[in-house]
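S.K.: Let me give you the structure first, and then I'll get to my questions.
Bear in mind these aren't lab numbers, they're just calculated from the coordinates by the rules spelled out. What you are looking at is a predicted structure, and each value in this text was computed from that prediction instead of being measured. Positions of Cβ are backbone-derived with ideal geometry, glycine not excepted, and every protein chain shown enters the neighbour counts.
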Amino acid sequence: MAESPSAKRKREAKDGENGNAESQGEGSGAGTFPLADISVRKVLRESARDKTIFLHGQVNSASGDGTDAVVILEKTPFQEENIAELLKKHTKLQLQMSNDIYSTYHLYLPPELNEIKTTVVYPATEKHLQKYLRQELCLIQETGEDYKKITLPFIESQSFSIQWVYNILEKKAEADRIIYENPDPAHGFVLIPDLKWNQKQVDDLYLIAICHCRGIKSLRDLTAEHLPLLRNISREGKEAIVKRFGIGGAQLRVYLHYQPSYFHLHVHFTALGYDAPGCTVERAHLLSDVIDHLERDSQYYQKCTLTFALRADEPLLKKFQEAGRV
């Protein structure tokens, strides 16, 4: 159950969801986290491709007293409106290599053009540290029976808090971030930007549709009775995005995760050209395909085999191993 730096950092840290909490300074108050008092204990993981590094640190200030924290440093995307300033103002070039028509430089920017998105999980538990630690992955092929006998009992045995989801749906939190809402309790949803998207450029557009109906945990719960909800999300979500951001449905990737990172039905909308985290074949299921499968067979997702990856340290993997399914 995935995620690289991502959408649920702020929310999960507050609720401790599945030990996967991700926060932007929840523990100490956003904007007041004592970054200068962090001592780095370990690099948990780094990605040269995503320009991101995950650190295990300890806060050594009087208020922190050696408390663990996870600090995620992520290079932000270029913004078109800043390019002219980036090239012309206060820019320093240092030649690294020159060969015929090709040359390579280090370009040094002023601080205001060299932003690093910094996400903080504080205080961090051992589960948080394990979440971000690089782990081997194992591919699981879960049959319908596996879900009933292994996965569902495991989910029901855990205390996965999704209060942050209800806070959004009830307008108790993040109400100002809602892009669109269909308020119907059975077939409605809210559309909200994912926290991975800074909303400053549409090339990496990323929004989440969260359904109002409670009790639909994942793809596995969907039947033909949910088709009106899914069709609404597909049609109205695309209409809202083209109206607000000018991106048509043919330029959107609309999909569900299995397994999801939290067990309340939600649908991802990303720009088609954006290589979004979690859009790989072993996790993402296109909403159009889901609708098609349910139109053909109401019980499709109760019977089919679904493939997903689990980290080596995840308790669910141990359950599959104990059952002889790995």
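S.K.: Could you give me the ³J(HN,Hα) list for segment 168-185, computed from phi with Karplus coefficients 6.51, -1.76, 1.60 and θ = phi - 60°, whole Hz, x at Gly and Pro?
M.R.: 5, 5, 8, 6, 7, 8, 6, 4, 6, 9, 5, 7, 7, 9, 10, x, 4, x
S.K.: Against the 2.2 N^0.38 Å scaling, with N counting residues, where does the chain land? I'd like the Cα-based Rg ratio to two decimal places.
M.R.: Ratio of Cα Rg to 2.2 N^0.38 Å: 1.08.
S.K.: How long are the semi-axes of the equivalent ellipsoid of segment 82-155, defined as square roots of 5 times the Cα gyration tensor eigenvalues? Whole Å, largest first.
M.R.: Numbers: eigenvalues 476, 83, 34 Å².
Rounded to whole Å, the semi-axes are 49, 20, 13.
S.K.: Which aspartates and glutamates have a Cα lying under 16 Å from the Cα of K92, excluding residues fewer than 8 positions away in the same chain?
M.R.: Reachable aspartates and glutamates: E112.
S.K.: Please report Rg over Rh for segment 32-75, where both radii come from the alpha carbon positions and Rh follows the Kirkwood definition.
M.R.: Result: Rg/Rh = 1.04.
S.K.: Identify which of F269, F33, F54 has the largest mean-square fluctuation in a Gaussian network model of the chain, with springs joining Cα atoms closer than 10 Å.
M.R.: Result for the chain, Cα springs under 10 Å: F33 fluctuates most.
S.K.: Kindly point out which whole DSSP H helices in the chain project their C-alpha atoms 18 angstrom or further along the helix axis while averaging a Kyte-Doolittle hydropathy of -1.0 or above.
M.R.: Numbers: long enough: 227-245 (26 Å, -0.28).
The answer, listed by residue number, is 227-245.
S.K.: Another one. Rounded to the nearest 20 Debye, what is the dipole magnitude of segment 35-174 about its Cα centre when Lys and Arg each give +1 and Asp and Glu each give -1 at the C-beta? Let's see the in-between values first.
M.R.: Values: 17 positive and 20 negative charges, 42 e Å.
Approximately 200 debye in magnitude.
S.K.: Across segment 248-265, in residue order, what do the Karplus-derived ³J(HN,Hα) couplings come to in whole Hz, using 6.51 cos²θ - 1.76 cosθ + 1.60 with θ = phi - 60° and x for Gly and Pro?
M.R.: My calculation for segment 248-265 gives x, x, 6, 9, 10, 9, 10, 7, 10, 8, 9, 6, x, 7, 8, 9, 9, 4 Hz in order.
S.K.: Continuing with this model, one more query. For the pairs K196/K243; K217/K319; K171/K243; K75/K200; K131/K200, flag any whose C-alpha to C-alpha distance is greater than 26 Å.
M.R.: Long pairs (Cα-Cα over 26 Å): K131/K200.
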